[in-house]
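Participant: Below is the structure I would like to discuss, written out as structure tokens.
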Amino acid sequence: MLLISEWARNWNANNGSAVITCDYSHNGYDICTINGSTLLDQASSTLFALGPHTQQDKPHIPFKILPYTLKGDKTAMSNVKEVTLTLAPPKLSCGVTHHTPALVFSVGGYTGNFYHEINENFIPLFITINSLFPNQNVILVVLEGKSWWFKKYAELLSAFSPNHMIINTNNISTVHCFPSATIGLIKHGDMTIDPKLLPNPKTLLDFRAFLDKVYTKDDDTPFVYPNENGKPRLTLISRRGNVSRLLLNENDVIKVAEEIGFNVHVFEPKNTPMAKVYRLIHVLLGVHGAGLTNFLFLRPGSVLVQVVPIELYWASRTYYEKPPKFLGVDYIEYKIEPNESSLLERFGANSLVFKDPPAFHKGNWSKQRVYLKEQNVKINVVRFRKYLTKAYEKAKIFISKVN
């Protein structure tokens with residue numbers, strides 16, 4: 001069952017069947033298929049369809065694709081190399097011949113941002129394999145992957161293709177050939193999986209279970225991190241080193257949390273191996289940002305506290321409120337007030353920045369970025385105390401159920 005919309009373009013070989021098919025109709029992604037023997041020439045970023053149709057005297061119209069799932073984002077796509085698909089005969093021969101189809105995709109868009117790596121790479125990879133290869137092995141061919149990225153996600157990549165090597169095109173000089181190839185990944189939306197679009201219905205719960213299996217399969221350590229004297233562990237995501245949405249009074253927040261009864265752990269995601277995240281968290285707290293994507297590692301009944309800066313309401317709701325709730329995580333939202341935003345000193349309380357944000361930015365990114373890229377937060381700890389107290393009460397209930 002092929003749940004991809006009607007192919008937008010195709011090229012018919014002598015026998016009338018489509019050798020190369022491409023679908024350019026989706027807002028977020030493009031996807032192509034070579035339905036037959038395929039040669040990958042990494043040096044020219046070209047995939048050649050092999051067979052009787054590769055005749056020198058026939059015209060060949062190449063297909064082009066940027067195999068990354070943020071099609072409309074010019075910044076992301078500028079980091080993605082274009083891939084060519086062609087029926088023209090290659091001037092190369094196969095050095096390594098595989099007997100398993102290739103799934104080719106780029107990770108070049110927003111590499112280094114955990115949210116984007118999950119949202120544009122791994123959830124779409126989960127969707128694509130369950131859509132097109134539900135009972136079939138596949139070889140992952142990764143474009144523009146950095147060495148640290150392969151190291152960070154080695155276990156996860158292997159789980160998607162357990163019987164085959166992961167091909168990092170940055171490190172190959174030999175020509176690889178496959179029985180067929182799919183180029184690009186399928187995406188259903190932001191942090192979502194639509195069961196109606198899959199041959200065997202799956203949701204974000206299944207993706208979460210997949211992560212659970214990957215990172216706990218050989219680990220007997222209890223899921224809940226050991227606590228001191230029965231204290232719940234609050235994991236505070238630090239944005240140190242970032243240029244925006246910093247928690248300016250982080251130490252004050254930690255102090256209040258400890259007074260309430262939490263054992264506080266400051267978490268810097270870039271420095272923590274993926275498998276360890278599972279055992280860190282009763283309560284996850286952070287200002288809106290990529291680090292909150294670690295909600296995928298929270299147990300049902302644990303708590304996510306999101307601090308929402310001015311005018312980041314849609315993104316906060318879409319990325320870090322709805323998905324955690326769907327996974328059974330208790331969600332607490334703290335919307336900052338103008339006097340807690342660093343933008344107050346710059347623009348003043350009577351500015352449209354606070355009075356009417358849509359009127360201020362009018363959908364213009366250069367002004368929208370003020371909220372996302374130029375805003376820091378100084379929490380009113382007196383007001384915030386009741387939110388932390390609520391999180392503490394929920395965490396105690398969670399601990400009592402899992403211990």
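The values are calculated or read from the model by the stated rules, or taken from the named source; none is laboratory data. The structure presented is a predicted model; accordingly, all values stated were derived computationally and were not measured. Cβ sites come from the backbone with ideal geometry, for glycine too, and all protein chains shown count toward neighbours. Just the protein is used for accessible areas: all its heavy atoms, side chains included, with ligands, DNA and RNA removed. Shrake-Rupley method; radii C 1.70, N 1.55, O 1.52, S 1.80 Å.
Participant: Can you tell me the accessible area per residue over the chain, all protein chains present, probe 1.4 angstrom, in square angstrom? All intermediate terms of the calculation are to be shown ahead of the outcome.
Facilitator: Working: 18450 Å² over 403 residues.
Spelled out: the 1.4 Å probe surface of the chain, per residue, equals 46 Å².
Participant: Using a cut-off of 23 Å between alpha-carbon atoms, which lysines can reach Lys91, once sequence neighbours fewer than 8 places away in the same chain are excluded?
Facilitator: Within reach: Lys58, Lys64, Lys81.
Participant: Considering only protein heavy atoms and a 1.4 Å probe, what is the carbon-and-sulfur percentage of the accessible area of region 306-360?
Facilitator: Numbers: 1300 of 2610 Å².
Here carbon and sulfur together make up 50 percent of the probe-accessible area.
Participant: What does the extension gain come out to for Ser93 and Asp212, with contour length at 0.36 nm per residue minus their alpha carbon separation? Intermediate values should be presented prior to the final figure.
Facilitator: Details: separation 119, 0.36 × 119 = 42.84 nm, distance 4.16 nm.
Roughly 38.7 nm would be gained on extension.
Participant: Now for a separate question. Can you tell me the order of 184-195, 116-127, 373-384 when each peptide is scored by its average per-residue count of other Cβ atoms within 10 angstrom, highest first?
Facilitator: Working: 184-195: 19.9, 116-127: 22.9, 373-384: 16.7.
Put in order of decreasing packing, that is 116-127, 184-195, 373-384.
Participant: If you line up the Cα atoms of the chain on their principal axes, what length do they span on each, largest first, in Å?
Facilitator: 78, 53, 38
Participant: Turning to a different aspect of this structure: Let me know the whole percent of all Cα-Cα pairs from region 296-403 that are separated by more than 15 Å.
Facilitator: On the way: 3928 of 5778 pairs.
Here the long-distance tail beyond 15 Å is 68 percent of all Cα pairs in region 296-403.
Participant: Heavy atoms only, 1.4 Å probe, whole protein assembly: order Tyr319, Tyr371 by accessible area, highest first. Each step should come with its number before you reach the end.
Facilitator: Details: Tyr319 40, Tyr371 0 Å².
Output order, biggest surface exposure first: Tyr319, Tyr371.
Participant: Follow-up. For an R0 of 25 angstrom, estimate the FRET efficiency from the Cβ-Cβ distance between Glu345 and Trp365 and round to the nearest 0.05. Don't skip to the end; give the middle numbers.
Facilitator: Working: r = 23 Å, r/R0 = 0.93.
That pair, Glu345 with Trp365, gives E of 0.60.
Participant: Turning to a different aspect of this structure: Just from its helices, what would the mean residue ellipticity at 222 nm be for the chain, if runs of 4 or more DSSP H residues each count -39500 (n - 2.57) and the sum is divided by every residue, rounded to the nearest 500 deg cm²/dmol?
Facilitator: Details: 14 runs with 113 residues, N = 403.
Calculated mean residue ellipticity at 222 nm is -7500 deg cm²/dmol.
Participant: If you don't mind, there's one more thing I want to ask. State the three equivalent ellipsoid semi-axes of region 124-224, derived from the C-alpha gyration tensor as the square roots of 5 times its eigenvalues, in descending order and whole Å. Walk me through the intermediate numbers first.
Facilitator: On the way: eigenvalues 113, 81, 32 Å².
That gives 24, 20, 13 Å for the three semi-axes.
Participant: Ignoring ligands, DNA and RNA, please state the percent of accessible area on region 107-243 from carbon and sulfur, probe 1.4 Å. Spell out each step's value before the answer.
Facilitator: Numbers: 2850 of 5910 Å².
Roughly 48 percent, rounded to a whole number.
Participant: Further, regarding this structure: Order of 37-43, 85-91 by packing, highest average Cβ count within 10 Å first?
Facilitator: Values: 37-43: 20.4, 85-91: 18.0.
The most tightly packed comes first, giving 37-43, 85-91.
Participant: Let me ask another. For Thr318 and Ala159, calculate 0.36 nm times their separation in residues minus their Cα-Cα distance, and state this gained length in nm to one decimal. Present the calculation step by step, with values, prior to reporting the outcome.
Facilitator: Working: separation 159, 0.36 × 159 = 57.24 nm, distance 2.75 nm.
Contour length minus Cα-Cα distance gives 54.5 nm.
Participant: How large is the Rg to Rh ratio of region 98-177 when both quantities use alpha carbon positions and Rh follows Kirkwood? Numbers along the way, then the final one.
Facilitator: Values: Rg = 12.2 Å, Rh = 13.0 Å.
Ratio value, two decimals: 0.94.
Participant: Something else now. Using Cα centres only, tell me the gap between region 95-125 and region 152-198 in whole Å.
Facilitator: So the separation of the two Cα centres works out to 5 Å.
Participant: What is the diffusion coefficient of region 25-155 in µm²/s, taking the Kirkwood radius over Cα pairs and the Stokes-Einstein relation at 10 °C with a viscosity of 1.306 mPa s?
Facilitator: Working: Rh = 16.0 Å.
The Stokes-Einstein estimate is 99 µm²/s.
Participant: Would you mind checking the pairs Lys355/Lys386; Lys373/Lys394; Lys322/Lys401 and listing those with alpha carbons more than 30 angstrom apart? Kindly include the intermediate steps, with their values, before the conclusion.
Facilitator: Details: Lys355/Lys386 26 Å; Lys373/Lys394 32 Å; Lys322/Lys401 24 Å.
From Lys355/Lys386; Lys373/Lys394; Lys322/Lys401, over 30 Å: Lys373/Lys394.
Participant: Sum up the charges of everything whose Cβ sits under 15 Å from the Cβ of Asp356, counting Lys and Arg as +1 and Asp and Glu as -1, but leave Asp356 out. Before the final figure, lay out the partial values.
Facilitator: On the way: positive: Lys355, Lys362, Lys367; negative: Glu311.
With Lys, Arg at +1 and Asp, Glu at -1, the neighbours total +2.
Participant: Return the distance in nm (one decimal) between the two label points of a simple spin-label model at Thr174 and Val381, each offset 7 Å from Cα along Cα→Cβ.
Facilitator: So the two model labels end up 6.0 nm from each other.
Participant: Follow-up question, since we're still on this one. With everything on Cα atoms, drop me the angle between helix 250-260 and the longest principal axis of the chain, reported from 0 to 90° to the nearest 10.
Facilitator: Orientation of helix 250-260: about 60 degrees from the principal axis.
Participant: Round to the nearest 0.05 the FRET efficiency obtained for Lys146 and Lys373 when R0 = 22 Å and r is the Cβ-Cβ distance. Please list the in-between numbers first.
Facilitator: Working: r = 23 Å, r/R0 = 1.06.
With a Förster radius of 22 Å, E is 0.40.
Participant: Treating the angle as unsigned and between 0 and 90°, give the value, to the nearest 10°, between the Cα long axis of helix 381-402 and the longest Cα principal axis of the chain.
Facilitator: In the chain, helix 381-402 runs at an angle near 70 degrees to the longest axis.
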